[in-house]
Amino acid sequence: MGAVVTQLLERPFDQRLDRAVTIPVNGTDNERVRQVTTADLDMLLRRVAQRDPEAFAALYDATRSRVYGMVARVLRDRGYSEETTQDVYLQVWRTAESYDPASGSALAWLLTLAHRRAVDRVRAEQAATQRDSRYGATTLERPSDHVSDAVISGEERQRVTACLGGLTDLQRECIELAYYQGMTYVQVSERLSANLATVKSRMRDGLRALRNCLGVR
Amino acid sequence: MTHSHDSTVGDDLLALAVPYALHALSDDERDALESRLSTAGLAVADAFYDEVRAVRETMAVVAAASAEEPPTELRGRLLSAVANDNVRFLPPSNRRRTAWMSVAAALAVGLITVGIGVSLRPPAQTPSTAEQVFAASDVHTISGAIPAGGTATVVFSRDRNAGVLVMNDVPPPALGTVYQMWLVSDSGATSAGTMDAQAVAPSTTAVLTDLGNSKKLKFTVEPGSGSTQPTGQVIAELPLI
């Protein structure tokens, strides 16, 4: 028992792994860094499916701020968000082979998986405690800091923020409640005293507007 | 007219593509929708899943706006968990099991500050409870600080009806008392074992079997070798959700 642990503790994992990482996502100001592309992530995820720890490290570095930030927006609790993010990446390690490039990008696959877990967690928490005050409303455009520019450029964030700003208040509200507060569209309609058809069409129109604005095909 | 009927059904289903893609359906609604889609005809199903794909791609891009760095310790914990996974050098039959033993061991190490053993043995004929928990698709991690010092972390799976508890740096119970763990459900508390001073220091793990309908794991201080129902001071509670 002790031997296993000693072995684990003595191995300098981070250093060893960083050497082999091909995508410089942790670059310093002096280093040339490039944006991680969708194709890079698809390739990394395929390597993760073959149990490649270096690829897993690179995938984590390239996506962790998106995943954690989204999970934290849903859960609004550092501890829960860290636990859920850990569970998400363990699930990635375990199920990467189920990723099918034909069904979408690796990033969308990862964030869908992460959002599913975050929503499951927030619904479980709410069912257990009904602590509504903790899951109060926030705005969709809340800025966040401390994200490496090597992973997400300021330009990209501004573009997304601008596109979110282009939605109508009603569209944004529906997406906020459903996506970031984990409500079902039926709960959204109850919250907004709007009928189901209206809520569905606001969500759909809002998503179409976002998609067009962001140029997602 | 058949055509217009199909169109209506198709429109009806397509209107749910966005809520489906955003996980904004209850589990029952989602199951019902998927079953309707499976019989709806190829054109409708294709249009539906195409819209779902587009919504998910869009939200993946939107995630740039909420990006936030996770705590730095998480990286080391995850990389330790997978880096010791030498499955590529093992025959396929041993793969999963060995991989998950390593992940479990490494995760536990990540959670502790003083090196201790994790009671995970090399692959046996059947995976241990801990291995099964770590390999479960619904694995969850909950940790909490204990006011007197140290932390308790439970990794559990409802599917496996079991969990693994790791306690780190928890001060020993006072002389003549033990820490006792309780699985608490609506119908009351069931003992999940005790820990004396020797078992606690500096770290310990325990396997929790039969989680049942329990909603939390409670820790109390009990006299002697433990009680049949919680009587002493509650030192920690971890929600099992």
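Worth a mention:
- Label positions at B:T190 and A:S153, each projected 7 Å from the Cα along the C-beta direction, are separated by 5.7 nm.
- Order of A:Y68, A:Y99 under a 10 Å beta carbon neighbour criterion, fewest first: A:Y99, A:Y68
- Note, ³J(HN,Hα) from phi for the stretch B:148-158, Karplus 6.51, -1.76, 1.60, rounded to Hz, x at Gly and Pro: 6, x, x, 9, 10, 10, 10, 10, 9, 9, 5
- Two-site label geometry, A:R76 and B:Q229: point separation in nm, points 7 Å out along Cα→Cβ: 3.7 nm
- Using the Cβ-Cβ distance between A:S103 and A:A162 with R0 set to 30 Å, the FRET efficiency works out to roughly 0.55.
- Note on A:Y185, A:Y89, A:Y80, B:Y49: ascending count of other Cβ atoms within 10 Å places them as B:Y49, A:Y80, A:Y185, A:Y89, the fewest first.
- Among B:V178, B:V82, the order by Cβ neighbours within 10 angstrom, fewest to most, reads B:V178, B:V82.
- Scalar couplings 3J(HN,Hα) for the stretch B:214-223, obtained by applying the Karplus form with A = 6.51, B = -1.76, C = 1.60 to θ = phi - 60°, are 4, 10, 8, 10, 10, 10, 10, 9, 10, x Hz; x denotes Gly and Pro.
- Sequentially through the stretch A:101-109, phi angles give Karplus couplings (6.51, -1.76, 1.60; θ = phi - 60°) of x, 5, 8, x, 6, 4, 5, 5, 4 Hz, Gly and Pro residues having no value and appearing as x.
- A cut-off of 5 Å between modelled amide H atoms, ignoring neighbours fewer than 5 places along the same chain, links B:A162 with B:S157, B:L211.
- Amide H to amide H distances under 5 Å link B:I235 with B:F219, B:T220, B:V221, where only residues 5 or more positions off or on other chains count and H is placed in the peptide plane.
- Placing pseudo-labels 7 Å out from each Cα toward the beta carbon at B:D12 and B:D27 gives an inter-label distance of 2.6 nm.
- Here the stretch B:130-241 is treated with +1 on each Lys and Arg Cβ and -1 on each Asp and Glu Cβ, and its dipole about the Cα centre works out to around 140 debye.
The numbers here are math on the coordinates, done by the rules we state, and not lab data. What you are looking at is a predicted structure, and each value in this text was computed from that prediction instead of being measured. A quick note on method: Cβ atoms are made from the backbone with ideal geometry, for glycine too, and the neighbour counts reach across all protein chains shown.
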